[in-house]
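Notes follow the structure.
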Amino acid sequence: MAPEISENNTITEKCDVYSFGVVLLELVCKDKLKDVEKREKHPVEENIDPNIKGKIAPECWEVFMDITERCLKFDPNERPAMGEVEVQLELALSLQEEADIINTGDDYTLLSMIIMN
């Protein structure tokens, strides 16, 4: 749930963006990271679902995690519009498809260590 809902019972489109960010994060994690403290202490890369580990191109991961982080901003004014989220996810998909064409079946290695704030 977006922080502003519990703080002042305000519901806006940016609440939906926050919730969608949670869904994006849960898509790639083996354990659900709804607990903010858990997200802030452990890099997301340590919690990637084993079914997709090694299958995500680093350039795709960067775009995917950037938009996910932006969706989960505490301040609703800092969250992107859903249209921008859509564009960035399409970019991530395109980068993944390009990388898969070039990659000859080797696993991808993610070098980043992203801790969600």
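The values are calculated or read from the model by the stated rules, or taken from the named source; none is laboratory data. Keep in mind that what you see is a predicted model, and the values were worked out from it rather than measured. Note that each Cβ is placed from the backbone with ideal geometry, even for glycine, and that neighbours are counted across all protein chains shown. These accessible areas exclude ligands, DNA and RNA; they are computed on the full protein's heavy atoms, side chains included. Shrake-Rupley method; radii C 1.70, N 1.55, O 1.52, S 1.80 Å.
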Relative to the present Cα-Cα distance, how much length would full extension add between Glu84 and Arg70 at 0.36 nm per residue of separation? 4.0 nm
Which log10 I(q)/I(0) values, to two decimals, does the chain give at q = 0.23 Å⁻¹ under the Debye formula with one point per Cα? -1.35
Within the chain, which complete DSSP H helices have Cα atoms spanning at least 27 Å along the helix axis and a mean Kyte-Doolittle hydropathy of -0.5 or higher? 82-102
What is the set of long-range amide H partners of Cys29 at a cut-off below 5 Å, with H atoms built 1.01 Å from backbone N? Asp49
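Taking all protein chains as present, what is the carbon and sulfur share of the accessible area of the chain, in % to the nearest whole number, probe 1.4 Å? Don't skip to the answer; put the middle values down first.
Values: 3840 of 7210 Å².
That fraction is 53 percent.
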Would you please give the FRET efficiency between Glu46 and Met1, computed as 1/(1 + (r/R0)^6) with r the Cβ-Cβ distance and R0 = 22 Å, to the nearest 0.05? 0.35
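Where does each of 48-55, 14-21, 60-67 land if you order them by average Cβ count within 10 Å, highest first?
On the way: 48-55: 12.2, 14-21: 18.6, 60-67: 20.2.
For the peptides 48-55, 14-21, 60-67, the packing ranking is 60-67, 14-21, 48-55.
Just to make sure I understand: if all protein chains stay in place, what is the order of Thr68, Thr10, Thr104 by accessible area at 1.4 Å, largest first?
Details: Thr68 0, Thr10 55, Thr104 125 Å².
Highest to lowest solvent-accessible surface, that is Thr104, Thr10, Thr68.
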Solvent-accessible heavy-atom area per residue, rounded to whole Å², over the range 44-112 at 1.4 Å: 60 Å²
